[in-house]
Amino acid sequence: MNAGSTVNEVLKVENLEVVYNDVVLVLKGLSLACPKGEITALLGANGAGKSTTLKAISGLLECEDGEVTDGSVIYQGEPIQHLIPEKIVRKGIFQVMEGRRIFEDLTVEENLRCGAFTRPRSEIAGGLEKVYDYFPRLRERRKQLAGYMSGGEQQMCAIGRAIMARPQLLLLDEPSLGLAPLLVEEIFDIVKRINSVEGVTVLLVEQNARAALSVAGRGYIMENGRVVMEGKAADLLGNPDVQEFYLGMGHGGDRRSYRDVKHYRRRKRWLG
Amino acid sequence: MEYYLQLFINGLVVGGIYSLVALGFVVIYKATKVVNFAQGELVMAGAYICFALTVQFNIPFLWAFLLTLAFSVLLGLAIERMVLRPLIGEEHISVIMVTVGMSSVLKSLVQLFWGTQIRVYPQVLPTEPVVIAGLPVAPVYLAAFALSAVLFAIFSVFFKYSRTGIAMRATAFDQQAAQSMGIGIKNIFAMSWCIACVVSAVGGVILGNINGINSQLGHLGLKVFPAVILGGLDSLLGAALGGLIIGVLENVCDGAARQLFGLGGFREVAAFIILVVILMIKPYGLFGTKEIERV
Ligand SMILES: Nc1ncnc2c1ncn2[C@@H]1O[C@H](COP(=O)(O)OP(=O)(O)O)[C@@H](O)[C@H]1O
Ligand SMILES: [Mg+2]
């Protein structure tokens, strides 16, 4: 896709080490980079340290008793690993956390307003319109308590909050988690649109490697707190190891995952 | 009948004060999950500050009242910064015990400066009763009730519509997610202590105008537990209604006990008897959140 367009990196993570509770070393020298205007996928099995990586970037480790003990997070040329989350959001980094983390006893619209907490008030009305254009279903439910929505609608709401924040770098943690295949496709389409229309750089964490690589320019695969493989999304999709361990091919697999493979191949051809 | 109506009206006024104090309690509980055992002492602190300003420094009442509000904001900030912020990340029970300690400290400070005898505010409002629905009501009662109602209205609008109010509710629901929105949760905590101090101080000043104050005023904080538990620990509307209901019930029960059985002092226990009954039939209170369950 637009790989190689610029070497201008919005985010650079260098040799990052993160320790939880002063003892558990979870990230062991992780490095990655997000080229400006692209979607970068960060893949890996459960427990590899993907969420930890995102929280280290957004400063959200503190309230989990996690700490960056080594390495650096460079955002637009400036180290940010010791800033508080509030400052980091104001600099233009917004994380959509794993599990959506909707404020359930607020309405949909109140949730969206929270997303714009750091933005000037004059942007709110326009921001809401934009979110409702992306997700017409949210417009219908804007006065409803967010806790009563389906998982897919909650994910839309979570992404909507990010749109309200107008970030330059969007960190998405497993947006497809627990969603039906059709919804996964819808969510990824939106991510792609936010990336291309709003020009937002995206770091996309996924276990659903196939879906993520189908929208990403580059990808990183991590295991046990380190990056073990990186490359263009297309190369990773074609790599036999990746196919075997992350795309569920080569095992024969169950029917559903095989159909998904075919689906995304078709989709990729169609997109490319 | 008129006897009971009178009790009802008294109950509403006292209940309005309970509601205010309960509001402060609920705001802190919602934002920080801290059960504040010093809530009654915050009432007392506000009451004594206003007393000192009007009586000892001869400042006109209205100014003294406004200065008391400003002082309460500072007190809230100070408590959050010096007492609670160092405890962030500690067990909830430790923080709760600290509020118990804080209540003793505040009470001792008041006794140190003002002694233990009853202090009376100067008369600000006319004493000539106003007649409402055939009943004579003291203007100070009317003013008290109106002030509580106005404060409640202001805070309802604040929590429903203002950016900070919505952020406070978001923080109350999920602190980490709130942080991910760029909400500075330490500011939110400070804000909730300020609100708690301000509404409590208003309650204290109203009480001072009605009854006079002494260093036992803090016991009022205990009455607020039945109110908030009735309303549901985390509901503002619940705090308002809980306070009013407890105020009315304790006054009416007290009057009934006096009239029917010749028992005095029932007022002091009525609220707690009600509390026990509520806990048996509605453990989450009238408006408390259980957890939204989706099917
Ligand atoms: N708050 C925490 N305290 C201690 N250990 C944690 C915490 N969060 C995550 N971990 C541990 O760190 C490792 C990586 O977790 P995580 O970053 O959530 O992985 P992933 O998102 O890739 O599934 C896991 O072994 C997990 O148990
Ligand atoms: Mg994760």
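The values are calculated or read from the model by the stated rules, or taken from the named source; none is laboratory data. Computed from a prediction, not measured in an experiment: that's the story for all the values here. Glycine gets a Cβ as well: all are built from the backbone with ideal geometry, and neighbour counts include every protein chain shown. SASA here: full protein model, heavy atoms, side chains in, ligands and nucleic acids out. Shrake-Rupley method; radii C 1.70, N 1.55, O 1.52, S 1.80 Å.
Of the residues examined, A:Glu230 is not one that is at pLDDT 90 or above and open to solvent by less than 60 Å² (accessible area, probe 1.4 Å).
Could you list all residues from region A:203-217 that are under 18 Å from A:Asn8 (Cα atoms), away from ligand 2 (no atom under 16 Å from the Cβ) and crowded, with 23+ Cβ neighbours inside 10 Å?
A:Ala216
Restrict the check to region A:88-96 and report whether at least one residue is within 14 Å of another protein chain (Cβ to nearest Cβ), modelled with pLDDT of 95 or more and in a loop (DSSP other than H, G, I, E, B). Looking for residues that are within 14 Å of another protein chain (Cβ to nearest Cβ), modelled with pLDDT of 95 or more and in a loop (DSSP other than H, G, I, E, B), one finds at least one in region A:88-96, hence yes. With respect to (1) open to solvent by less than 70 Å² (accessible area, probe 1.4 Å); (2) more than 8 Å from chain B (Cβ to nearest Cβ), the lone exception for A:Cys114 is condition (2). Only one residue in A:Glu78, A:Glu17 is in contact with a strand residue (DSSP E or B) (Cβ under 6 Å, 6 or more places away or on another chain) and more than 14 Å from chain B (Cβ to nearest Cβ). Which one? The match here is A:Glu17. The set of residues from region A:143-165 being surrounded by fewer than 18 Cβ atoms within 10 Å (Cβ to Cβ) and over 26 Å from A:Ala212 (Cβ atoms) comprises A:Lys143, A:Gln144, A:Leu145, A:Tyr148. Residue check: is A:Leu27 away from chain B (no Cβ under 14 Å), within 16 Å of ligand 2 (Cβ to nearest atom) and in contact with a Gly (Cβ under 6 Å, 6 or more places away or on another chain)? Judged against the criteria, A:Leu27 is a match. When region A:66-110 is limited to residues that are open to solvent by 50 Å² or more (accessible area, probe 1.4 Å) and among the polar types (S, T, N, Q), the one that is farthest from ligand 2 (Cβ to nearest atom) turns out to be A:Gln76.
Restricted to helices (runs of 4 or more DSSP H) entirely inside region A:125-229, those with at least 1 residues that are without any contact (Cβ under 8 Å) to a residue 60 or more places away in the chain and closer than 21 Å to A:Tyr246 by Cα are A:181-197, A:209-215. Figure legend. Inter-residue proximity from region B:140-168: first residues away from chain A (no Cβ under 14 Å), second residues modelled with pLDDT under 90 and open to solvent by 50 Å² or more (accessible area, probe 1.4 Å), beta-carbon distance below 7 Å, spacing 6+ or different chains. Indicated pairs: B:Val140/B:Leu125; B:Leu142/B:Val130; B:Ala143/B:Leu125. Scanning region A:166-200 for residues that are open to solvent by less than 50 Å² (accessible area, probe 1.4 Å) and either within 16 Å of ligand 1 (Cβ to nearest atom) or of a type in the set (Gly, Ala, Ser) (or both) returns A:Leu171, A:Leu172, A:Asp173, A:Glu174, A:Pro175, A:Ser176, A:Gly199.
Quick one: count up the residues across region B:71-93 that are open to solvent by 40 Å² or more (accessible area, probe 1.4 Å) and either farther than 15 Å from B:Cys197 by Cα or modelled with pLDDT under 90 (or both). Step through it out loud before you land on a result.
Going through region B:71-93, the residues open to solvent by 40 Å² or more (accessible area, probe 1.4 Å) turn out to be B:71, B:73-74, B:77, B:81-83, B:85-86, B:88-93.
Those left that are additionally either farther than 15 Å from B:Cys197 by Cα or modelled with pLDDT under 90 (or both): B:82-83, B:85-86, B:88-93.
Number satisfying all stated conditions: 10.
When you look at B:Leu220, is it within 14 Å of chain A (Cβ to nearest Cβ), on the phi < 0 side of the Ramachandran plot and either of a type in the set (A, V, I, L, M, F, W, C) or open to solvent by 10 Å² or more (accessible area, probe 1.4 Å) (or both), yes or no? No, not satisfied. In this structure, A:Ile57 does not satisfy being closer than 20 Å to A:Pro35 by Cβ, more than 8 Å from every other protein chain (Cβ to nearest Cβ) and away from ligand 1 (no atom under 15 Å from the Cβ). Among the residues making up region B:196-214, those that are surrounded by fewer than 22 Cβ atoms within 10 Å (Cβ to Cβ) and either aromatic (Phe, Trp, Tyr) or on the phi < 0 side of the Ramachandran plot (or both) are B:Ile210, B:Asn211, B:Asn214. Between A:Gly99, A:Gly49, A:Gly66, the distinction of being among the small types (Gly, Ala, Ser), in contact (Cβ under 8 Å) with a residue 40 or more places away in the chain and at the interface with chain B (Cβ under 10 Å from one of its Cβ atoms) belongs to A:Gly99 only.
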